[in-house]
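**Q** For reference, the structure I am asking about is given below.
No lab work stands behind these numbers, since they all come straight from the coordinates. Computed from a prediction, not measured in an experiment: that's the story for all the values here. So basically every Cβ, Gly included, is an ideal-geometry build from the backbone, and we count neighbours across all protein chains shown.
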Amino acid sequence: MKDIKSDILWRVHLVYFVTAIFAFLILFRVIYIQVVEGDHWRELARSSTMRYDNIDAARGDICADDGRLLATSIPIYEIRLDASSLVSSDEVFFGNVDSLAYHLSRLFGDRSPAAYRNALAHARRNQERFYLVKRNVSYNQLTKLREFPLFRLGRYRGGLIVIENTRREMPYRTLAARTIGYERQGIFVGLEGAYRDYLEGVQGKRLMQRTSGGNWMPINDQNEIQPQNGKDIITTINVRMQDFTESALRKQLARYNADYGTAVVMEVATGKIKAISNLTFNPNGYYEESFNFAIGESTEPGSTFKLASMLAALEDGVVKPDDFIHTGEGERAYADRVMRDAREEGFGTITAREVLEVSSNIGISSIIYDAYKDKPERFVNRLKSMNLHEPLGIEIQGEGIPVIRDVNSPGWSGISLPWMAIGYEVSLTPLQILTLYNAVANDGRMMKPMFVQEVRQTGKTIKHFSPQVINRSIASAATLEMVKEMLIGVVENGTAQNIRTNGYQIAGKTGTAQVANTRFGYRRETGINYRASFAGFFPAENPRYSAIVVIQNPKGWVYTGGQVAAPAFREIADKIFATELLYPEKPEDEPLMAFLPSFRNGNLEDLRTIYSAFDCQQKDTIQAQWGSARASSDTVSFRQREFIENLIPEVVGMSLKDALFVLENAGLRVRFTGRGIVRRQSIAPGLRINPGSVIYLELN
């Protein structure tokens with residue numbers, strides 16, 4: 001019996017001992033965790049309920065050359081409510097919730113007052129700390145919302161939580177949209193991507209706390225790091241020229257039901273891109289900017305490349321403008337292929353000058369082939385001396401790679417030389433072609449296309465970009481003068497006679513390329529796609545701007561560069577000439593007129609602006625758009641002028657800009673001579689309009 005008792009006691013003592021050891025180990029572990037590992041576990045616990053989130057900085061603005069906004073970040077707000085009893089009592093909450101629901105319903109119009117009231121009451125019952133009231137709230141809406149019942153009590157008594165975000169907006173919508181750029185799923189394109197480092201700014205930090213519902217809400221913390229907003233970039237884009245360019249391109253694309261097109265305007269002396277438009281036909285039936293063809297599409301340019309071929313031949317002295325070239329009956333065999341001219345019967349024997357004017361394939365290919373067939377690398381090297389084989393190195397990503405085939409390349413054949421001469425077996429983007437034409441206009445100096453001229457921060461210029469020269473001289477002065485005269489001849493006597501104007505001279509070259517287009521396929525009617533183009537500069541005697549228009553796959557029987565692309569070029573050039581060149585800005589030191597002028601006809605808003613610069617009294621009760629102004633020594637009175645629909649309007653006395661606006665909106669095509677105010681119009685006012693008719697204006 002005694003042995004049994006001892007055995008039981010031994011076992012009990014053992015259990016007590018083991019339990020004591022286990023308790024000691026637990027106590028030791030607790031002390032170890034609290035003292036040795038305490039900081040680690042406390043930080044881990046804190047990180048599961050607290051975290052720092054990034055606060056995005058407001059992206060800088062992208063502006064036109066005059067500072068007008070092309071892309072900007074506008075604030076948008078997310079409205080949340082701390083509906084817990086920690087913030088407001090039941091008396092305060094339910095005493096205001098009905099009025100709050102009514103005002104929210106009126107402000108946003110998305111739910112009834114009853115629906116808002118039920119949702120807010122449900123959030124209160126669940127003690128939600130971060131209830132979502134509304135996303136994408138504008139600043140004006142937020143200003144009104146802060147005065148609503150309950151919300152007017154603020155963050156700590158009313159539970160109002162405001163989270164600010166930003167949204168990118170383009171005030172001019174599609175204007176140069178693909179060049180300005182955008183962000184999609186973290187990928188930036190256009191200028192938005194090229195100047196991302198300047199535009200983005202520096203992110204801030206905000207302390208967030210996890211609520212019972214699993215949401216994260218901001219905590220007002222004195223250690224919150226505010227973001228540094230991005231810098232602004234001032235582009236070279238001119239809004240007015242961009243509008244002219246896009247309008248002319250869109251009109252021509254729609255007229256010929258084309259697949260897509262591009263148009264670019266460049267300032268000759270600097271290479272600044274003043275306008276760039278890329279329009280693609282959308283399945284919904286309209287044209288939109290979806291791909292930057294001017295920069296990204298490298299294709300066979302066709303006859304606009306004949307300028308490079310003629311430059312090479314003239315520079316190497318293998319031909320002179322007045323040399324006779326035998327084109328025969330419009331056909332010539334090279335190796336196993338036959339080249340043909342656009343004119344079936346051919347051009348016979350013509351001068352080298354006329355070869356370019358009429359765009360003879362046989363003429364230009366004969367010049368190049370006969371001169372370089374024994375040493376084709378000489379021709380290729382001459383093209384490379386004009387930098388035609390190198391990308392322009394513009395800052396916008398996605399530039400198409402130019403291709404000037406080498407003699408030793410695998411694709412070189414017996415037809416490569418003559419076909420390169422007419423713009424095939426080479427590949428260039430429209431912007432690269434335009435850069436060549438701009439160099440000719442700029443006395444041989446090839447400029448790098450320029451899209452941005454300044455970076456600013458809070459209105460102060462912190463970085464200025466200067467024009468860059470790619471090639472100081474692509475050819476001799478004598479050669480350049482000869483090709484300039486030839487390009488003028490294209491418009492005066494050749495394939496672009498339809499855009500000849502008496503007011504100023506245009507120099508340029510048409511292009512009509514047959515292409516196999518991977519984007520849209522061949523034309524159903526003929527099995528061939530055409531790319532119509534025109535590149536040139538104006539005024540030819542003193543070039544200020546160069547431009548290119550390319551239209552892909554025009555439908556119907558009309559498809560040549562002279563018929564399809566050149567008229568769009570002419571429209572762009574006319575409007576730029578009338579608004580930018582015909583009336584240069586007034587020098588600052590030139591004194592104001594000492595008398596008040598009267599105006600027979602004009603835009604009344606413009607007239608009011610003019611007279612506001614003078615110390616005079618304006619008698620003005622007229623709400624019309626157009627009218628006249630009669631001035632005395634110190635008083636101006638306005639009279640209304642009405643234009644009757646379908647009748648020829650009177651534009652005598654108007655500026656050219658106003659006359660163009662009125663007449664073109666009436667469906668007329670305008671031609672003009674001289675400069676100044678409209679003195680005479682060829683069709684008398686009051687006659688019925690025949691849409692598409694040409695009206696001639698004499699300016700004085």
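**Q** Could you please rank D406, D374, D323, placing first whichever residue has the fewest other Cβ atoms within 10 Å of its Cβ? Don't jump to the answer; show the numbers that get you there.
**A** Values: D406 16, D374 7, D323 13.
Ascending Cβ contact count within 10 Å gives the list D374, D323, D406.
**Q** Taking the chain on its own, what percent of its Cα-Cα pair distances exceed 47 Å? The partial results should precede the final answer.
**A** Working: 100379 of 244650 pairs.
When all Cα pairs of the chain are counted, 41 percent exceed 47 Å.
**Q** Sorting F347, F324, F379 on the 10 Å Cβ count, fewest up front, what's the list? Walk me through the intermediate numbers first.
**A** Numbers: F347 22, F324 11, F379 25.
Fewest to most other Cβ atoms nearby, the residues stand as F324, F347, F379.
**Q** Once both labels are modelled 7 Å past Cα along the beta-carbon direction, what's the E288-Q228 spacing in nm?
**A** For the pair E288/Q228, the computed spacing is 3.8 nm.
**Q** Here's another thing I want to ask about it. Under a plain spin-label model, where a point goes 7 Å from the Cα along Cα-to-Cβ, how far apart in nm are V12 and E344?
**A** 12.6
**Q** By counting other Cβ atoms within 10 Å of each Cβ, how are R168, R445, R125 ranked from fewest to most?
**A** Placing the least packed residue first, the sequence is R125, R168, R445.
**Q** To continue, here is another question. Using the alpha carbon gyration tensor of segment 241-581, what are the three equivalent-ellipsoid semi-axes (square root of 5 times each eigenvalue), largest first, in whole Å?
**A** Equivalent ellipsoid semi-axes, largest first: 30, 23, 20 Å.
**Q** In addition: Given R₀ = 41 Å, FRET efficiency for S682-S385 by Cβ-Cβ distance, to 0.05?
**A** Values: r = 49 Å, r/R0 = 1.20.
Taking R0 as 41 Å, the efficiency between S682 and S385 is 0.25.
**Q** Rounded to the nearest 0.05, what FRET efficiency is calculated for L86 and I21 with R0 set to 56 Å and r the Cβ-Cβ distance?
**A** Values: r = 46 Å, r/R0 = 0.82.
The computed FRET efficiency comes out at 0.75.
**Q** Rounded to the nearest 500, what is the chain's calculated 222 nm mean residue ellipticity when only DSSP H runs of at least 4 contribute -39500 (n - 2.57) each, over all residues?
**A** Estimated from H runs of four or more residues: -9500 deg cm²/dmol.
**Q** OK, next. Toward the positive end of the charge dipole of segment 241-581, about the Cα centre and with charges on Cβ (Lys, Arg +1; Asp, Glu -1), which of N553, V338, L249 goes farthest?
**A** L249
**Q** On to the next question. Can you figure out the FRET efficiency of K320 with A269, using R₀ = 41 Å and their beta-carbon distance, to the nearest 0.05?
**A** Details: r = 30 Å, r/R0 = 0.72.
It comes to 0.90.
**Q** How far, in degrees from 0 to 90, does helix 38-49 lean away from the longest principal axis of the Cα atoms of the chain, to the nearest 10?
**A** With rounding to tens, the tilt is 60 degrees.
**Q** Over 24 Å between C-alpha atoms is what I'm after, so list which of K251/K657; K463/K575; K384/K555; K274/K306; K373/K484; K306/K484 land there. It would help to have the intermediate numbers written out before the result.
**A** On the way: K251/K657 19 Å; K463/K575 32 Å; K384/K555 35 Å; K274/K306 26 Å; K373/K484 27 Å; K306/K484 13 Å.
Long pairs (Cα-Cα over 24 Å): K463/K575; K384/K555; K274/K306; K373/K484.
**Q** Kindly work out what percent of the DSSP beta bridges joining two residues of the chain are antiparallel, to the nearest 5. Numbers along the way, then the final one.
**A** On the way: 96 of 107 bridges.
Roughly 90 percent of the DSSP beta bridges within the chain come out antiparallel.
**Q** List the GluC sites (Glu not before Pro) in segment 642-700 that DSSP assigns to loop (not H, G, I, E or B) and whose Cβ has at most 11 other Cβ atoms within 10 Å. Which are they?
**A** Values: sites: E642, E645, E650, E664, E698; in loops: E642, E645, E650.
For GluC sites (Glu not before Pro) across segment 642-700 that sit outside H, G, I, E and B with at most 11 neighbouring Cβ atoms in 10 Å, the list reads E642, E645.
**Q** Let me ask you something else. At q = 0.15, 0.17, 0.18, 0.25 Å⁻¹, what is the log10 ratio I(q)/I(0) for segment 399-465, with the Debye formula run over Cα points and no solvent?
**A** -0.69, -0.79, -0.83, -1.07
**Q** Hey, another quick one. Return the Rg/Rh ratio of segment 76-198 with Cα-based radii and a Kirkwood Rh.
**A** Working: Rg = 18.7 Å, Rh = 16.4 Å.
Using only Cα positions, Rg/Rh for segment 76-198 is 1.14.
**Q** Then there is this: Using modelled amide H (1.01 Å from N, peptide plane; none on Pro or chain starts), what sits under 5 Å from the amide H of E128, excluding residues fewer than 5 places away?
**A** So E128 has HN proximity to A83.
**Q** Can you list residues whose amide H is under 5 Å from R641's amide H, if they're 5+ apart or on another chain and H is modeled 1.01 Å from N?
**A** It is W626, G627, S628, by chain and number.
**Q** On to the next question. Evaluate the charge dipole of the chain about its Cα centre and quote only its size in Debye, nearest 20, assuming +1 on the Cβ of each Lys and Arg and -1 on the Cβ of each Asp and Glu. Could you put the intermediate results ahead of the total?
**A** Values: 83 positive and 80 negative charges, 448 e Å.
In total the dipole reaches around 2160 debye.
**Q** Any idea how far apart Y156 and A624 come out in nm if each label point goes 7 Å out from Cα toward Cβ?
**A** That separation, rounded to one decimal, is 6.5 nm.
**Q** Let me ask something else about it. If you stretched the chain out fully between A335 and S99, how much longer would it get, using 0.36 nm times the residue separation minus the C-alpha to C-alpha distance? Kindly include the intermediate steps, with their values, before the conclusion.
**A** Values: separation 236, 0.36 × 236 = 84.96 nm, distance 8.84 nm.
This chain segment gains 76.1 nm when fully extended.
**Q** Over the chain, what is the relative contact order in whole percent, taking alpha-carbon pairs under 8 Å and six or more residues apart?
**A** Working: 1404 pairs, mean separation 71.6, N = 700.
Contact order relative to length: 10 percent.
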